[in-house]
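For reference, the structure is listed below as structure tokens.
What follows is calculated from the coordinates using simple rules that are stated; it is not laboratory data. Predicted, not measured: the structure shown is a model, and the values here were computed from it. Positions of Cβ are backbone-derived with ideal geometry, glycine not excepted, and every protein chain shown enters the neighbour counts.
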């Protein structure tokens, strides 16, 4: 992935989230509030995270395998765990899926700026590491996202303030992307 694309895509995502939170419409509030326990959100986020992880496992090299000569048993085993999670651990599966996607997306984003030390690379690196910390925290205690969303939407000013901050970060990343 090019550094331009690695900076532009998160910038566009942050800009979109910022605009949605700034609008603070009832549809956006209900969609965000329902996300932590949403079956559709779990299917999209956790399912997407499992598929991406299975692609990574299927393409891992021999040095990454602990046992065996093939990746097939690993793919089948992790695929079975992903399917069983839908059946036996449905609570907050969307939040865990979001955490998986954040962690997996950090690899190409940070890999694009590997061994680059220009000042314009730092916003992408800082936001990537913040996303990693957030993903690890939410994977461990996913109910905190529900609590945060309840707090965020209790007053409209909070959502708009977070939306403004995300919009500013997204615009910054979008502008930095065009400096490469």
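Summary of values
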item: Wholly within the range 1-117, helices (runs of 4 or more DSSP H) carrying at least 2 residues that are over 17 Å from the mean Cα position of the chain (by Cα) and over 30 Å from residue 153 (Cβ atoms); result: 3-23, 47-58, 72-88
item: The range 86-121, subset over 22 Å from residue 48 (Cα atoms) and out of contact with any helix residue (DSSP H, G or I) (no Cβ under 9 Å at 6 or more places or on another chain), residue surrounded by the fewest Cβ atoms within 10 Å (Cβ to Cβ); result: 115
item: Test: residue 159 is in contact (Cβ under 8 Å) with a residue 60 or more places away in the chain, out of contact with any strand residue (DSSP E or B) (no Cβ under 7 Å at 6 or more places or on another chain) and in a helix (DSSP H, G or I); result: yes
item: Selection count where residues are loosely packed, with under 13 Cβ neighbours inside 10 Å and more than 17 Å from the chain's Cα centre (by Cα), scope the range 132-164; result: 7
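Table: residues versus (1) touching a helix residue (DSSP H, G or I) at 6+ places or on another chain (Cβ under 7 Å); (2) farther than 30 Å from residue 122 by Cα; (3) touching a residue at least 24 places away in the same chain (Cβ under 8 Å).
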residue: 8; (1), (2), (3): yes, no, yes
residue: 30; (1), (2), (3): no, yes, no
residue: 73; (1), (2), (3): no, yes, no
residue: 82; (1), (2), (3): yes, yes, yes
